[in-house]
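Notes to accompany the following structure.
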Amino acid sequence: MATMKKNASIVYYCEPYEMVMFAGSVIGEMDLINFPLLYVLLPVALVTCFTAIFRVLLKPLGQVNFVSQMLAGIVLGPSCLGQAVSNKLYSMRSISVLNVFQSVGLIYILFLLSVRIDVGVVRNSGRLAIIIGLGAFFAPMIATISMGLFIKGTIDLDAEVYSSFPVLASIECNISFHMILTVLTDLKLLNSELGRLALSSTLVSNIASTIVLVLCTQFQQGASQLRLKDNTGVLVSLSSLFIILVIVFMCRPIMFWMMKQTPDGKPLKQLHLVAINVMVLGSALLGEILGQHYLIGPVILGIVTPTSSPLGSALAEKIECFNWVVFIPCYIANIGRLIDFNSIGRNSFLAVGWLILASMFARFFAVIITSIYYKLPIDDAISLSLLLNCRGLIDTLIYAYAYLLKLMTREVFGIMMIAATLRSAVITPLISATYDSSRRYVAYRRRTIQHSRRHPELRILACIYEPDNVPTIVNILEASNRPQRSLALHVMKLEELAGGTMPQVITHRLDRLSSSHKSNKADPMINAFRQYEELKKGHTFVQCFTVIAPYATMHDEICLMAFEKSTPLVIIPIQKPKSTFVKTVVRNVLQMSPCSVGILLDRGMFMDPRPIFSRILAINTCVIFVGGQDDREALAYGANMAETNTTTLRIVRLVAMNHVPPDLTEEGRDLNMLDEFRTSTLGNKNVEFIEKNVTEGCQTAKLLKSIGNEYDLILVGRRHNPNSPVLVGLSAWSEIQELGVIGDLLVSSDYCGNASVLVLQQQASVVQEMIESPKSSYRSSK
């Protein structure tokens, strides 16, 4: 059994070593209920189960994880179980163990979130973000103070509730950056325009609130020192300064040394990972020893962690999942046991509720008025106002800390927790309903290769994420553009956001390689395109960007860039067709792109860094034509290649025998384009047209396998009529929907060919009234 010792207000629990280690030899001698690990495992299991249940039930309503977590905590608290059952579930020993686990979890959560804070965002914030951030802080402050004075004279409350009003006002004025970051991640709006503005405004608001807090604290401590002749305030300030100096001048240089010791593309060494863990926990211990809150050190350490370094992402990869699954449920259980609906009085609920509503409406109208004044769309202004009024897990930490310091009563704490849950439950679905990031790049005219063939400049957006993508992109463009036509190439280097930084888009100047981006992998790739531009000086313009974003929302940046640069085609090279990148980024780009999309699987033809025409005389290219707008786009791209005089092009049209086309309009467009292509290439010995009669899908598969080694490159459309006899039976075996039925067959492991494959999808997001008419042809130059 554990022994308990009391020392003033502190309670110590001492557990036998064998019980802590859960030794098997002791299990038979002692009751399992006495093992301290069970005090953690039981609440964690219950919270995890109820959180999962609520998440499944609330997912159709668009709720974030925070709402499910809080409901799970409330269900396992005295509000639902009753005080007697709750006391048995959460005994004094249980609470002590939960406190330890929750503290460790909060240390890592705040560190990992702080790593993603980029102070440069404030430096680069526009006037709108600064004014919104200041308004979102000062407007609620004025409103809550005014409402507090009004309530004090109209509602009869306990003196303890009145004493909580100043703390409530200060908490409601503050917007947690960590909370906004978490909510944006849950809503998949992290790298949207709304997300960037919200993060910038929140950082400005946090700086304003910190300055006001420091000034008020110093004023209060100064008055106390004059009255009591006490120098405690000076010691507190010196301890804070000491923590900052230790972290900045000791921990940060060690991190830079670790980065230098880590080769490009290699994971962080285990020894370095252990050292970072020691720094995180050590900073928390240092803060506690010096009289500061134990979370101050990890937050400062996270902020000073080098941007874009592998340190934060490596730590997130190792412990983030375990942290959310084990440590955070302990915090949720601890919070839930303090919420008791039965202890909340009517007057207290009304008074605190009016304060919260006053703060929310003040911030809401302050943000909307400012946004509209600066000509932000009304839908975006409403979404931003709602977002800045949202609450999350980090806010509950502030409530709990205020309750721990007895700055608010348990009754007020319960009301604040309920209000935070209700605010998130109502606001997050409204944000999802009012804000649609894809409307920024809706196209009102055709942006395709087919409709821009006669344009004097070919504009291409190329996405790269590996060094091997560079020669692939350069060589495919060399083979696709005639010498007389200029090329505007926009390159996007894609990097997954992995917990180490904030989402951002970085523009690189090719005349100067030093940029704000510190990634070691990016410079050689950007330098390669600089050399390519110099080699093609006068005919090629190259502009490079680096995008750091989660895979789930990376398509927003790709689509927006394609829209702003008016590119008719986005080319995305892939190496592993079944990778997460293809399943998320490529799939979303295909659904949302304002122009045509090409997915290129290079089997080695274009991957050689040497210029392609220094190795071969001509590229043998084949276009598989079944019918439909995507096949017309593939044919248009093949026609572009045929004009280079370095490409031999064969059009293989698969014709279904004894089959009446279901869509005569589409059939007419196919025939018109084929006829015009034959006419325009008449007499060109490098172009050949072949028709193959097919009755079923297996014949198509045999034909494709037979030509796999005859060509260097095969062009094919992505989407086809699934009821066409040409494809009957093939769709059932298709595994990669992003490549279409024929594209999937050409890149499958069973396919024996060595040809590279370019799968094309014609623009999918053009508004319906601009759908091409039957007269639109291969010669169109819109």
Round to a whole angstrom and tell me the spacing of the C-alpha centers of the stretch 698-729 and the stretch 128-173.
68
Which value results for Rg/Rh of the stretch 683-746 when Rg is the Cα radius of gyration and Rh the Kirkwood radius based on the inverse mean 1/r?
0.99
Might you work out the accessible area of PHE54 for me, using a 1.4 Å probe with all protein chains in place, and round it to the nearest 10 Å²?
40
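Taking square-rooted eigenvalues a ≥ b ≥ c of the alpha carbon gyration tensor, is the stretch 45-117 rounded, prolate or oblate, where a/c under 1.5 means rounded and, failing that, a/b exceeding b/c means prolate?
On the way: a/c = 2.97, a/b = 1.12, b/c = 2.66.
Note, shape of the stretch 45-117 comes out oblate.
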Sorted by chain and number, the residues with a modelled amide H under 5 Å from that of ILE619, at a separation of 5 or more or across chains, are THR647, THR648
Per-residue accessible area for ILE356 at 1.4 Å probe radius, Å² rounded to 10?
10
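With 26 Å as the limit, write out which pairs from LYS59/LYS583; LYS576/LYS702; LYS537/LYS583; LYS537/LYS565; LYS318/LYS578; LYS88/LYS318 have Cα-Cα distances beyond it, or answer none. Could you put the intermediate results ahead of the total?
Working: LYS59/LYS583 21 Å; LYS576/LYS702 24 Å; LYS537/LYS583 37 Å; LYS537/LYS565 20 Å; LYS318/LYS578 24 Å; LYS88/LYS318 35 Å.
Correct reply: LYS537/LYS583; LYS88/LYS318.
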Could you order VAL325, VAL44 by accessible surface area, starting with the largest, using a probe radius of 1.4 Å?
VAL325, VAL44
Check the straight Cα-Cα distances from LYS188 and name the aspartates and glutamates below 20 Å, setting aside those fewer than 8 residues away within the same chain.
ASP118, GLU317, GLU320, ASP379, ASP380, ASP436, GLU495, GLU496, ASP556, GLU557
Karplus ³J(HN,Hα) for the stretch 459-476 (6.51 cos²θ - 1.76 cosθ + 1.60, θ = phi - 60°; Hz, whole; x = Gly/Pro) runs 10, 10, 9, 10, 9, 10, 8, 9, x, 5, 5, 5, x, 4, 5, 4, 6, 5
Give me the distance in nm between label points sitting 7 Å out from Cα along the Cα-to-Cβ direction at LYS188 and LEU245, one decimal.
4.9
Enter the accessible area of TYR403 (Å², nearest 10), with the probe set to 1.4 Å and all protein chains included.
70
Would you give the gap between the C-alpha center of the stretch 89-114 and the C-alpha center of the stretch 391-463, rounded to a whole Å?
28
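Order the following by accessible area, largest value first: GLU193, GLU320, GLU666. Probe radius 1.4 Å; ligands, DNA and RNA are ignored.
Working: GLU193 90, GLU320 70, GLU666 45 Å².
Result of the area sort, largest leading: GLU193, GLU320, GLU666.
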Mind listing the phi-derived Karplus ³J(HN,Hα) values for the stretch 64-81, rounded to whole Hz, using 6.51, -1.76 and 1.60 with θ = phi - 60°, and x for any glycine or proline?
7, 4, 4, 5, 5, 5, 5, 5, 5, x, 5, 4, 8, x, x, 4, 10, 7
Could you sort 386-399, 266-279, 58-71 so that the peptide with the highest average Cβ count within 10 Å comes first and the rest follow in order?
386-399, 58-71, 266-279
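Expressed in nm to one decimal, what extension gain is obtained for the pair GLU457 and TYR373 from 0.36 nm per residue of sequence separation less their Cα-Cα distance?
Working: separation 84, 0.36 × 84 = 30.24 nm, distance 3.88 nm.
This chain segment gains 26.4 nm when fully extended.
Going by accessible area, probe 1.4 Å, with all protein chains left in place, what is the ranking of LYS318, LYS493, largest first? Present the calculation step by step, with values, prior to reporting the outcome.
On the way: LYS318 115, LYS493 5 Å².
Descending accessible area places them as LYS318, LYS493.
Just need the Rg to Rh number for the stretch 358-459, please, alpha carbons only, Kirkwood Rh. Working shown, then result.
Numbers: Rg = 21.8 Å, Rh = 17.1 Å.
With Rg and the Kirkwood Rh in hand, the quotient comes to 1.27.
The values are calculated or read from the model by the stated rules, or taken from the named source; none is laboratory data. Keep in mind that this is a model prediction, so the values were computed, not measured. Please note: Cβ atoms are built from the backbone with ideal geometry, for glycine as well, and neighbour counts cover all protein chains shown. Ligands, DNA and RNA are stripped out before the accessible areas are found, and what is left, the full protein with its side chains, is counted by its heavy atoms. Shrake-Rupley method; radii C 1.70, N 1.55, O 1.52, S 1.80 Å.
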